[in-house]
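This report concerns only the one structure given below.
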Amino acid sequence: MACQKAPFTAKTDAHRTIFAEPLIAILHTAEQIELDQEELLADIDLDIEILSLPNKRCSVQQYFRLYQAAADEKGN
């Protein structure tokens, strides 16, 4: 059974947050597959400097949007 790509459409609570590490992991993976990190971050209105702050939390929406942006750029 093949996986089918579906756009992220689920509504998430804007107040839910996660630590920045999962977003950083997506960016490291994006870099390895030659995607432009700055472009991906611009797509979700996030500055890379913010991710370097200790204990920085980002919205779950930003996480899903970054994941979707990377998938869309790669075409997978």
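The figures follow:
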item	result
Residue-span extension gain [Q32 to D47] - 0.36 nm each, minus C-alpha spacing	3.4 nm
Long-range amide H partners of T17 with built H, under 5 Å	V60
Cα-projected label distance for T17 with R57, points at 7 Å along beta-carbon direction, nm	0.5
Geometric extent, Cα atoms of region 37-76 - Rg, Dmax (angstrom)	10.5, 32
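Here, each number is a calculation from the coordinates, and none is a lab measurement. Quantities reported herein were computed from a predicted structural model and do not represent experimental measurements. Neighbour counts run over all protein chains shown; Cβ positions are idealised from the backbone, glycine included.
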